[in-house]
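Read through the structure below, which is laid out as structure tokens, and then see the notes.
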Amino acid sequence: MRKHSVSWGVGIVLALWAGQAMSASQEPIQPIEPVVIKEPEKVELGKMLFFDPRLSRSGAISCNSCHNLAMGGSDNLKASIGHQWQMGGINSPTVLNSSMNIAQFWDGRAKDLREQAGGPIANPAEMASSHEVAVQVLNSIPGYRSEFKRVFGKDGITIDEVTSALAAFEETLVTPNSRFDKWLKGDKNALTVRELAGYQLFKNSGCVACHNGAAVGGNSFQKMGLVSPYVTDNKAEGRAGVTGQDADRFNFKVPTLRNVALTYPYFHDGEAATLTQAVDVMGRLQLGRTFTDEENGQIVAFLKTLTGDQPVIQYPVLPPSEDDTPRPEPFVK
Ligand code: HEC
Ligand code: HEC
């Protein structure tokens, strides 16, 4: 049974890849285009919320704590640190280019950024607040009341408005102009010979079956350990936790490889500390191929060309709390 499903899986990879290759002269990866900001005031409000630790029970944890925009939109930790120094269950993915994801979270349980944004605020292991309290905090702050009114055109703040503003901000966090994108757009000097060799290997060995499109991933769920099983102590079940189907066990959303040089450590359990390790594991477990050190180095060199322009963030100044703003509870369980 195991053997059967394995060869079937590899068949899919090859079929997928052949489909990519056949779809004309086009590369399997497309450049990221700069974002066009349509609602600047909503984006600005979303940025304030993204940086505001008062959305957490402790008053100390903001979205940016775990998706640090100074560090590729991640925390560079194996597992995130949540309320009261709790160890998170899974590695924090980057928020950069997350608007391109087919769905949000490793298992895709949130359909989009709006649905996702409500999760961490009320997650007891992350920000440990509740939607009611978070909204009460914001409603008590005149600076926020006027800002929400300006953006949404009515009095009284709701959680839907909070998640909508957060999503609008996150949609602006795209990273165009990587050296690889410059190459895709015709600047043949943008990559070195070694980086280009890495890209050819990335295509020819079959990585592009799963890591393709503008985000170089993010657009499908795939088995981790397709050719040989992935061994981990991490309890995450992947997509099976959402669909209840045993066949979806260990299916994870394929992570984007954009800015992957910045978003270490790797995999849902954060077990691969370096790109060299991650590429080695991917080669063996997903493709049944052991790369030589030279081949691995070429692929890593290519992956490093996927770092784009990071969003330029002017640190927001947040309106102060009022006398009746619920107080933070950093040391209350
Ligand atoms: C304590 C750390 C922590 C905080 C605080 C936090 N996150 Fe996350 N975030 C994570 C982790 C861990 C995941 C992955 C969880 C999973 O897949 O089950 C995640 C997933 C996401 C994703 C999905 C990305 C993807 O590729 O699937 C987005 C978007 C996101 N967070 C945005 C936010 C926003 C917005 C906030 C603030 C409201 C926030 N996060 C607060 C740790 C955190
Ligand atoms: C069958 C689909 C598939 C193929 C083929 C594949 N990958 Fe992956 N890749 C995934 C999945 C799924 C994950 C997430 C696994 C996890 O976290 O458990 C992943 C994760 C990664 C990561 C870590 C990213 C992060 O942020 O954690 C890197 C780097 C990577 N792949 C590179 C490659 C390279 C290089 C190749 C070719 C040698 C390749 N992949 C082939 C599906 C695939």
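No value in this document is a laboratory result; all are computed from the given coordinates. Keep in mind that what you see is a predicted model, and the values were worked out from it rather than measured. No Cβ is skipped: glycine too gets one built from the backbone with ideal geometry, and neighbour counts run over all protein chains shown.
Take the Cβ atoms of Asp324 and Leu77, set R0 to 41 Å, and the FRET efficiency comes out at 0.70.
A Gaussian network model of the chain, with springs between Cα atoms under 10 Å, assigns the largest mean-square fluctuation among Val208, Val300, Val35 to Val35. Remark: region 181-333 carries a charge dipole of roughly 600 debye about the Cα centre, counting +1 on each Lys and Arg Cβ and -1 on each Asp and Glu Cβ.
Is there a quick way to get the dipole size of region 124-185? I mean about its Cα centre, with the Cβ of Lys and Arg at +1 and of Asp and Glu at -1; what is the value in debye to the nearest 20?
Working: 7 positive and 9 negative charges, 81 e Å.
Computed charge dipole of region 124-185: roughly 380 debye.
Relative to the current alpha-carbon distance between Asp309 and Gln277, full extension at 0.36 nm per residue lengthens the span by 9.0 nm. In this simple spin-label model, placing a label point 7 Å from the Cα along the Cα-to-Cβ direction at both Asp155 and Lys111 gives a separation of 3.3 nm. Separation of region 189-209 from region 98-157 is 40 Å, based on Cα centroids. Computed over the chain, the per-residue total of -39500 (n - 2.57) for DSSP H runs of n ≥ 4 gives a 222 nm mean residue ellipticity of -10500 deg cm²/dmol, rounded to 500. Residues Trp85, Trp106, Trp183 in ascending order of nearby Cβ atoms (within 10 Å, fewest first): Trp85, Trp183, Trp106. Descending by average beta-carbon neighbour count within 10 Å, the peptides 142-154, 113-125 line up as 113-125, 142-154, the highest first. Against the main long axis of the alpha-carbon atoms of the chain, helix 2-22 sits at an angle near 90°. Which of Val279, Val317, Val254 moves the most in a Gaussian network model of the chain with Cα springs under 10 Å? Maximum among the listed residues: Val317.
If the limit is 21 Å between Cα atoms, which of Lys42/Lys182; Lys111/Lys185; Lys188/Lys253; Lys78/Lys203; Lys111/Lys333; Lys78/Lys235 go over it? Going by Cα-Cα distance, Lys42/Lys182; Lys111/Lys185; Lys188/Lys253; Lys78/Lys203; Lys111/Lys333 fall outside the 21 Å limit.
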